[in-house]
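The values are calculated or read from the model by the stated rules, or taken from the named source; none is laboratory data. Treat the numbers as computed from the prediction; the structure is a model and nothing was measured. Cβ placement follows ideal geometry from the backbone for every residue including glycine, while neighbour counts extend to all protein chains displayed.
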Amino acid sequence: MSGKLWGGRFAGKTHPLMEEFGRSLESDRRLVFCDLRVCRAHLQMLSEVGAVSSQTRQKLIATIDQVKAELEEGVLQIAGDHEDIHSWVEAELRGRAGDEASLIRLGRSRNDLVVTDFRLWTRQAIQDIQQAVRELQGVLLQRAEQHARDYLPGYTHLQRAQPVALSHHLLAHFWSLQRDFQRLADCADEADCCPLGAGALAGSSWAIQPQRTAELLGFSRSFDNSLDAVSDRDFAVEFLSALSLCMIHLSRMSEELILWSAAEFGFATFDDAWSTGSSLMPQKKNPDPAELIRGRTGRVIGHLQSLLVTLKGLPLAYNRDLQEDKPPVFEAAEMVEKCVLVMAGVMASVRFETQRMEQACADPGLLATDLADHLVRAGQPFNVAHELAGKWVDQRLDHEEAQIVHPHAEQLSALSVLHARRHAGAAGPFSVDLQLQKARASIQ
Ligand code: ARG
């Protein structure tokens, strides 16, 4: 045997710095259960097609199951200076079952193995994040139901515009998360293709059945082209892109909570459990979770860029650059799940200062659009009505104009203009009641 785990080709040893440089175990240890599952399915298929005996299959599958159980119980640790998780798994199996265990390498390469593991991991991560998204949606819905009769100014250009129901505002965020959920479902579909059997790049001379391993692993389909199978990382790009967009939504929610909790707005007060003080200024209560989410959004977007740049310019098929595909996905997925759960905690506990919101709606400017609408109903052309309402806000109406405008203006209040918005999707309470039902149904 040479000085290397894999490589009769080499007479000399690897430089220690090269060994360390090439190692990915610290990161890809996350794939261990996926790797064991893949080994198991691969052996099962190999025995079904007669490439390994059923005796060998039984022995090795029992060994795999034992390793899995010990890892789950915490009595076995992933340690040692193995290059990656696949080397660790093989070494572990060989340590227990002898050289026969190396048969798991028959008809398969680390190139198809790693991406099969990665796809399995991604599918599980998607489910976990979807569950977290549902939790946050549930919180938003609950808060919306609780505040169905409260209202605040809606803003455009961060200037007060028209009154909106607080529930309507909260549900706006609910729907953006609904799209995230759907995008993640689409990513799961993209990841749902099994590359195992593509081998290093060209498939195998053994009569393997990739369809069968796909089925055993719960994939709905197998690859069409072995070169594509080992080099395709579209699923990871789509996943990071869906995660980036989800973070952008969380970041916008965060920005809003930060603004609302500033004294200048005074619309929200963070719960003590979800805010922090200052080491110097005793009066401070800072919206840290929201700021951290806003900050981590940059990192998740960075991970998407990182993967795109890694892939750009890679020739077919597997290249070692592809080892760099996993850390950004692992970190982004773990980060997003946590951010979604933190946002759920913040949203569930933040106090909405509904009196402050209502006071802010006393601004007569919020009535101007409806005043113009009233004047149009009374026969004024729209441009004239618009101008008169603008002059009313600015208190520049002459005597004659005031006679036309005031009787209409007197009929208006924040509540009346809010209640006037009753069509589907509008900001008034009648519409929002229907919207709440629809939202509730969409997550059940
Ligand atoms: N650790 C490697 C990765 O993550 C596994 C595949 C290695 N393949 C190879 N031909 N060196 O991509």
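Within region 49-90, restricting attention to residues that are surrounded by 14 or more Cβ atoms within 10 Å (Cβ to Cβ) and among the small types (G, A, S), the residue that is nearest to R37 (Cα to Cα) is S87.
Pairs meeting the criteria (first residue in region 62-90 and within 16 Å of the ligand (Cβ to nearest atom), second residue among the polar types (S, T, N, Q), beta carbons under 8 Å, at least 6 apart or on different chains) are E83/S24; D84/S24; D84/Q323; I85/S24; E90/S102.
Looking only at residues of region 311-333 that are under 21 Å from the mean Cα position of the chain (by Cα) and free of Cβ contacts under 8 Å to residues at least 60 places away in the same chain, we find that the one that is farthest from the ligand (Cβ to nearest atom) is E331. Q127 meets each of the listed conditions (1) touching a strand residue (DSSP E or B) at 6+ places or on another chain (Cβ under 8 Å); (2) more than 27 Å from M18 (Cα to Cα); (3) not small (G, A, S) apart from (1). Taking region 271-291 as the range and being under 16 Å from M347 (Cα atoms) and of a type in the set (A, V, I, L, M, F, W, C) as the test, the residues that pass are A273, W274, A290.
Of the residues in region 279-294, not one is under 30 Å from Q323 (Cα atoms), out of contact with any helix residue (DSSP H, G or I) (no Cβ under 9 Å at 6 or more places or on another chain) and either assigned to a loop (DSSP other than H, G, I, E, B) or among the hydrophobic types (A, V, I, L, M, F, W, C) (or both).
Of the residues L322, L304, the single one that is in a helix (DSSP H, G or I), out of contact with any Lys or Arg (no Cβ under 6 Å at 6 or more places or on another chain) and farther than 20 Å from D112 by Cα is L304. When region 206-217 is filtered for residues that are free of Cβ contacts under 8 Å to residues at least 24 places away in the same chain and surrounded by fewer than 22 Cβ atoms within 10 Å (Cβ to Cβ), the ones remaining, listed by number, are Q211, E215.
There is no residue in region 363-371 that is assigned to a helix (DSSP H, G or I) and free of Cβ contacts under 8 Å to residues at least 12 places away in the same chain.
Listed here are the residues, each with its yes/no results for (1) at pLDDT 95 or above; (2) surrounded by 15 or more Cβ atoms within 10 Å (Cβ to Cβ); (3) in contact with a helix residue (DSSP H, G or I) (Cβ under 7 Å, 6 or more places away or on another chain).
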| site | (1), (2), (3) |
| --- | --- |
| A236 | yes, yes, yes |
| L257 | yes, yes, yes |
| W260 | yes, yes, no |
| F270 | yes, yes, yes |
| A273 | yes, no, yes |
